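Below is one structure; the comments refer to it alone.
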Amino acid sequence: MNVSAHMEAVYAEVCRRNPGEAEFHQAVGEVLHTLVPALQAHPEYAEACIAERVCEPERQVIFRVPWVDDEGRVRVNRGFRVEFSSALGPYKGGLRFHPSVNLGIVKFLGFEQIFKNALTGQAIGGGKGGADFDPKGRSQGEVMRFCQSFMTELHRHLGEHTDVPAGDIGVGGREIGYLFGQYKRITNRFEAGVLTGKGIGWGGSHVRTEATGYGAVYFADQMLGTRGQGFDGRKVVVSGSGNVAVYAIEKVHALGGTVVACSDSTGYVVDDSGIDLELLKTVKEVRRARLSAYAEARPSARYSERGSVYDVPCDIALPCATQNELGGQEAGTLVKNGVLAVAEGANMPCTPEAVEIFREAGVLFGPGKAANAGGVATSALEMQQNASRARWTFEETEDRLAAVMRDVHARCRATAETYGGTPDDYVLGANITGFLRVAEAMEAQGVV
Ligand code: NDP
Ligand code: 2IT
């Protein structure tokens, strides 16, 4: 069998059967093209149509989310949960509340999640969900009523052994609290393991809040370490200013680097003396204000809505905002400015063109499936604590996160070499490692 032609055919069929889902096509194409050497080595997986099956979600739920705003007006949003793969464990993946959410975006995220979760080595399947609800400018009461309505429908699909959501864009600790409260009320069960990212006082795990950002920095540090380098004394640019970005900044500073710029969807700030994390947290997490408020409160900072955060010269870039935020033009600027490493804190923030530019320039590139796996890995640690009714300390949990990230990094390099790439080909290594784990389980479980 010509495996390469077979993968092309599978990809063409995915595009044909899922029209208009551009992000899903992009995520599938990027994975399928890297699987050729794995399927050449394992013809039994091609025979069993593992690639074809893994591109089709096991189940997709789309539902109405009606709620009442503060003026008494009825509003209607659309909710989604795509249960992609249960080969390795309960469906696991976040919920995104953002006006851009549609089926194609949820499917791209769910598809990525299958391989990311497999790569962590933990017993978690892949899924994703969310709604086209825009939390910006909404009152606490409106957000709560929306979450309650969302969960009123979604609860029937969830369970600690079935499907376990967490946060993503627009869904943080506050929203997880409202979602958990409604699940508990409907089911009359304190089923802690049904959601992760819970508050520390009621079943949450230490380090889950920090985990994605910390993990991305650990991963970048491991990549740099292969070249005898690290964060110490380095200039770093982080995109976004949400959960992932904030804790990436914190860890970069702890490792001796300086984050000189970060962004939100309206603009970016440059602060040569280093982003003041307490101020950033106050602006974004307490006041829920725009990033421009950071610059207004900090004389060393300037705010811009022109150009891109990637125009700011840096040694290391950590895209932590959203998909396709870093294209060919931004990648070209980063390379021209001498960037050494790029690690994706967000899901698919770099376009295929950008990734190719980094590859050609020899820039270390950590794809999201590996670099941001620390978030979901710590969610699995939260599930483990919930199941055993245990509570680990912050230090113990962070040690475990660091160990997972070291392991993910090492597996990517080893797999890339085994399948004909250079050890620096983290894209090849991450995709094949994740795929092989899922494929083995799927083959063993029969045609389901
Ligand atoms: P948050 O909602 O906390 O923050 C999102 C940040 O990204 C905000 O600064 C937001 O700006 C910015 N952003 C969102 N959409 C856009 C857009 N269309 N254009 C430009 N900027 C945008 O989300 P998270 O930090 O949790 O998530 C960030 C990324 O990390 C996402 O890709 C997510 O899928 C990924 N991720 C998250 C994990 C987690 O544990 N939370 C785990 C693994 C990956 P603004 O405030 O202006 O909207
Ligand atoms: O993209 C992701 O990995 C997440 N949003 C976290 C998922 C999770 O279940 O913790």
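Here are the numbers:
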quantity	calculated
At q = 0.11, 0.13 Å⁻¹, base-10 log of I(q)/I(0) for the stretch 198-277 (Debye sum, equal scatterers on each alpha carbon)	-0.31, -0.43
Most mobile listed residue (G328, G233, G127) in the chain, GNM with C-alpha springs under 10 Å	G233
Beta bridge orientation in the stretch 70-183: antiparallel %, DSSP, nearest 5	55
Neighbour net charge for G125 - beta-carbon separation under 9 angstrom, K R +1, D E -1	-2
The chain: most fluctuating residue of A295, A166, A390 per GNM, C-alpha cutoff 10 Å	A390
Hydrodynamic radius (Kirkwood) for the stretch 88-175, which is based on Cα pairs only, to one decimal in Å	13.5
Pairs of Cα atoms farther than 21 Å apart, the stretch 311-389, %	32
Summed side-chain charge close to G345 - residues other than G345 whose Cβ falls under 14 Å, Lys, Arg +1, Asp, Glu -1	-4
Lys/Arg +1, Asp/Glu -1 at C-beta; the chain dipole; positive extreme among Q40, H155, A131	H155
Of all accessible heavy-atom area on the stretch 100-171, the percent that carbon and sulfur account for (1.4 Å)	49
Order by protection proxy (mean Cβ within 10 Å, highest first), peptides 419-431, 10-22	419-431, 10-22
Å² per residue, accessible surface of the stretch 148-245 at 1.4 Å	36
Hz values of 3J(HN,Hα) by residue in the stretch 272-284 - Karplus curve (6.51, -1.76, 1.60), Gly and Pro given as x	5, 7, x, 4, 7, 5, 4, 5, 4, 5, 5, 5, 8
Solvent-accessible area, 1.4 Å probe, carbon plus sulfur percent, for the stretch 260-319	47
Karplus (6.51, -1.76, 1.60) ³J(HN,Hα), θ = phi - 60°, over the stretch 364-378, in Hz, Gly and Pro reported as x	5, 10, x, x, x, 4, 9, 5, 9, 5, x, x, 5, 4, 6
The stretch 269-370: trypsin sites (Lys or Arg not before Pro) in DSSP coil with no more than 14 other Cβ atoms inside 10 Å	R287, R288, R306
The stretch 140-271: radius of gyration over Cα atoms, expressed as a fraction of 2.2 N^0.38 Å	1.29
For the stretch 6-88, alpha-carbon Rg and Dmax in angstrom	18.0, 61
For the stretch 176-222 versus the stretch 94-116, the gap between their alpha-carbon centres in whole angstrom	18
Computed over the stretch 208-325, the ratio Rg/Rh where both radii use C-alpha atoms and Rh is Kirkwood	0.94
Cβ-placed point charges (K, R +1; D, E -1), dipole of the stretch 291-448 about Cα centre in debye, nearest 20	260
Local net charge near R302, Cβ-Cβ under 12 Å (Lys/Arg +1, Asp/Glu -1)	-2
Percent antiparallel among DSSP beta bridges (both partners in the chain, rounded to 5)	55
Where only alpha carbons of the stretch 278-348 are counted, the Rg and the Dmax (Å)	13.7, 37
The chain pair-distance distribution - Cα-Cα, 20 Å bins, rounded %	27, 60, 14, 0
Helix-only [θ]222 nm of the chain, DSSP H runs n ≥ 4, -39500 (n - 2.57) each, per residue, nearest 500	-15000 deg cm²/dmol
In Hz, Karplus ³J(HN,Hα) per residue of the stretch 303-315 (6.51, -1.76, 1.60; θ = phi - 60°; x = Gly, Pro)	10, 9, 10, 9, x, 9, 4, 7, 6, 7, x, 7, 8
Between the stretch 6-59 and the stretch 371-403, the Cα center-to-center distance that results, in Å	31
Within the stretch 269-381, percent of DSSP bridges classed antiparallel, to nearest 5	35
Dipole moment magnitude, nearest 20 debye, the chain about Cα centre, only Lys, Arg, Asp, Glu C-beta charged	1260
Too-long pairs where the Cα-Cα distance tops 31 Å, listed order kept, from K198/K251; K107/K336; K107/K235; K184/K251	K107/K336; K107/K235; K184/K251
Heavy-atom accessible surface of the stretch 330-429: percent carbon and sulfur, 1.4 Å	50
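The values are calculated or read from the model by the stated rules, or taken from the named source; none is laboratory data. Being a predicted model, the structure only gives us computed values, none of them experimental. We place every Cβ from the backbone using ideal geometry, glycine too, and count neighbours over all the protein chains shown. Remember, those area values only see protein heavy atoms, side chains included, never the ligands or the DNA or RNA. Shrake-Rupley method; radii C 1.70, N 1.55, O 1.52, S 1.80 Å.
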